[in-house]
Every structure is written in C-alpha cells, then in structure tokens.
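Below is one structure, written out as structure tokens; comments come after it.
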Amino acid sequence: MSGTVPVSDLLSNLNDQVANGAALMKRSKPRQDIFRAIYKGQRQEKTVREVMNETGLTQIRVLNEAKKLGPLVEKVSNGFRKRKELASHYKKILWYARNPKKLAAVLTKVSPKVSVNATQVKVSFTPAAGKAIPITIADIDSFVKAKIGTKRLGPVREDLIKKGFARVVGEGGTFKDWGGEKSDLYTNKFRVKGARRAVAVAFKGKGTKGRLVPAKMGKNGDQIGRLFDEPAEVFLVAYCGQIDSAIVSQMHAFAIAKKAMNGQRVYFGVIDADDLGAIAAGYPEQFKLS
C-alpha cells in the first residue's frame, strides 16, 4: 500500500516528538546534561564513562537519570545510543526543556503531559492519545482457543512458557536469553484484533517470586523500557503469578510515549497465571509444561 503523508501531519508528528522529549527533562538539569552528552557530535553511541566525564555526574547518577529519559535514548551494553529520528532535533528538544513556558505553548496532535519522579512515570493525556490501547488475551486472535476460567497456571520455567507461545503462533526461530536483550520473544506471527502484527513479549517464570512489580523487571528494573525499544506494535508481559498494576501503568506510559514518537497505534497488555492457565488448557499440545 502506498500513499502520501500531508506536510501538516509530518510537522505535527515532529512537534509530538520534540514536546514529549522535552517534557521528560524540563525539571531536571542532570537529565538535560546527560541527553546533550549522548546526542552531541557525530557518534551514535557514548559509553557511561564518557557521559560521566562530560556531565561530572557519578556512574549511579548517570544510570538512574538516563533510565528516566525513557524512549529518548537506547541502553546498550556499555552505554547509550541515540535515537536516529531524534538526532537532528536534539538541540530543539533541549531548548524547549530549558524553556518550560515555551514548551507549554507547543501544540501537538496528542499533547500527553509527562512527568517523572524517582519511582514512576506519570502521564496524563487527551482522548486523542487513545491510540495506546490496553488489550487482554480475548483480543489476541492467536489465543482464540484459550479456555477462560480454567485452573490458573502454577510455577513454570520461563523457557517453557516462551516455547509454548512460539508453538501456538508457529514461530520457528530461536530466542536465547542474554543480558542485553530487549524482549524474550519478538515475532510478527501473532494475530491481534483481526490482523497479523509484530509483537514483543517479556516473560517471567518461576525464578521470579511473589507479585510481579517493575523492580523485578530486569537487573536495573528497566526491562519494560527495553521491551518498548523493539519495533513492534504489540507489547506483552507474561508471568506465571500475579502482576501488579504498577506494571500496567508503566506499560501504558511507555505505550503513549511510543505512539507519540512514531504516530502509530500501540497495543499493550499483561498475561498472568490465570490467563496462562487458560492458554495452556486451550493449547495442550503446544504448551508442554513439564
């Protein structure tokens, strides 16, 4: 399918990117300094040490503040990578971050208002931001045989849950765990809301204990942020236990930011032990959990 994009849409999407990027930094000089250190110059990546030297901040401060930059930077093994779509606009983003009154006057298509504190991201948004859409397994056509209301899934190894998902959708690729991964399973073979879509999933198995909260998502609590780095349209977290609402809130915030950055519809959801039990009951041949 081909077509043209009106100039007005291109400009409004750019305004979205600039305004939302600036909003993540407007009350934090350390965050602004880190963003500038990562983006200035021609190199695509900067090490943590280089950012420390440029900003005068400690390693812990750099890592903590960079995490709060959310979708503005990509975490890599030894540092940070620029977002290509933002690289040519980083000075404008910084200018608005340092001029909050000017930022407030920027009119965008979505206009989500973003604030960050030490523990969470808060986003308020207009009805137009409804393109960040929460879903359940009832919206996932690939799980149409799931038997809702059956026995909830008990503690199961993460790799067995992942293999079950892959078998159901017919994904034959190999997905090995490693420290820098963005997702545990990335595939375009899921069918969601009547269409085949690219899906990124983060799994948690019996190695994770108790209620799943953001702090248990990755060594640095940044796994959801890395999940949303994937070029996907649907983002899921699956766990063989109870999932705290803070996970959903964080996913919602990243979904809104993702939508603001690329202008596309974003779906997100969680799959807990009850849902996993329903899926396993509906697909016993694919979910071999022992």
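The values are calculated or read from the model by the stated rules, or taken from the named source; none is laboratory data. Only a predicted model underlies this, so the values are computations on that prediction, with no experimental measurement involved. Quick reminder, even Gly has a Cβ in these numbers, built from the backbone with ideal geometry, and neighbours come from all protein chains shown. Heavy atoms of the whole protein, side chains included, go into the accessibility calculation; ligands, DNA and RNA do not. Shrake-Rupley method; radii C 1.70, N 1.55, O 1.52, S 1.80 Å.
When only residues in the range 180-198 that are of a type in the set (S, T, N, Q) and assigned to a strand (DSSP E or B) count, which is surrounded by the fewest Cβ atoms within 10 Å (Cβ to Cβ)?
Asn188
Can you pull out every residue in the range 254-267 that is among the charged types (D, E, K, R) and surrounded by fewer than 18 Cβ atoms within 10 Å (Cβ to Cβ)?
Across the range 254-267, the qualifying residue is only Arg265.
Applying the selection to the range 124-156, what residues are at pLDDT below 50 and among the hydrophobic types (A, V, I, L, M, F, W, C)?
Phe125, Ala128, Ala129
Among residues belonging to the range 199-209 that are at pLDDT 90 or above and crowded, with 16+ Cβ neighbours inside 10 Å, point out the one that is farthest from Phe254 (Cα to Cα).
Thr208
Against the conditions (1) surrounded by fewer than 23 Cβ atoms within 10 Å (Cβ to Cβ); (2) of a type in the set (A, V, I, L, M); (3) farther than 17 Å from Ile137 by Cα, where does Ala281 fall short? Just the number, please.
Looking at each condition in turn, Ala281 falls short on (3).
For the range 13-53, which residues satisfy the criterion of being under 17 Å from Lys92 (Cα atoms) and modelled with pLDDT of 90 or more?
Lys29, Arg31, Gln32, Asp33, Ile34, Phe35, Arg36, Ala37, Ile38, Tyr39, Lys40, Gly41
Filtering the range 221-253 down to residues that are open to solvent by less than 30 Å² (accessible area, probe 1.4 Å), in a helix (DSSP H, G or I) and not aliphatic (A, V, I, L, M), which residue is farthest from Leu24 (Cα to Cα)?
Per the stated criteria, the residue is Gln223.
Could you grab me the full set of residues in the range 163-198 that are among the hydroxyl-bearing types (Ser, Thr, Tyr) and either under 13 Å from Val237 (Cβ atoms) or modelled with pLDDT under 85 (or both)?
Listed by number, the residues that qualify are Thr174, Ser183.
Please give the number of the condition Leu212 fails out of (1) at pLDDT 90 or above; (2) closer than 22 Å to Ser142 by Cβ.
(2) is the only condition that Leu212 fails.
Tell me, yes or no, whether the range 249-266 has at least one residue that is over 22 Å from Ala198 (Cβ atoms) and at pLDDT 90 or above.
No, every residue in the range 249-266 fails to be over 22 Å from Ala198 (Cβ atoms) and at pLDDT 90 or above.
I want to confirm something. Restricting to the range 29-48 and keeping residues that are more than 15 Å from Leu86 (Cβ to Cβ) and touching a strand residue (DSSP E or B) at 6+ places or on another chain (Cβ under 8 Å), which single residue is most open to solvent (accessible area, probe 1.4 Å)?
Filtering the range 29-48 for residues that are more than 15 Å from Leu86 (Cβ to Cβ) and touching a strand residue (DSSP E or B) at 6+ places or on another chain (Cβ under 8 Å), the one most open to solvent (accessible area, probe 1.4 Å) comes out as Thr47.
Only one of Leu103, Leu107 is open to solvent by 70 Å² or more (accessible area, probe 1.4 Å) and either modelled with pLDDT under 85 or not acidic (Asp, Glu) (or both); which?
Among Leu103, Leu107, only Leu107 is open to solvent by 70 Å² or more (accessible area, probe 1.4 Å) and either modelled with pLDDT under 85 or not acidic (Asp, Glu) (or both).
Going by the structure shown, is Gly79 open to solvent by less than 30 Å² (accessible area, probe 1.4 Å) and over 25 Å from His252 (Cα atoms)?
Spelling it out, Gly79 is indeed open to solvent by less than 30 Å² (accessible area, probe 1.4 Å) and over 25 Å from His252 (Cα atoms).
Going by the structure shown, is Asn64 open to solvent by 20 Å² or more (accessible area, probe 1.4 Å), modelled with pLDDT under 85, within 24 Å of Ser183 (Cβ to Cβ) and in contact with a Ser or Thr (Cβ under 7 Å, 6 or more places away or on another chain)?
When the stated conditions are applied, Asn64 does not pass them.
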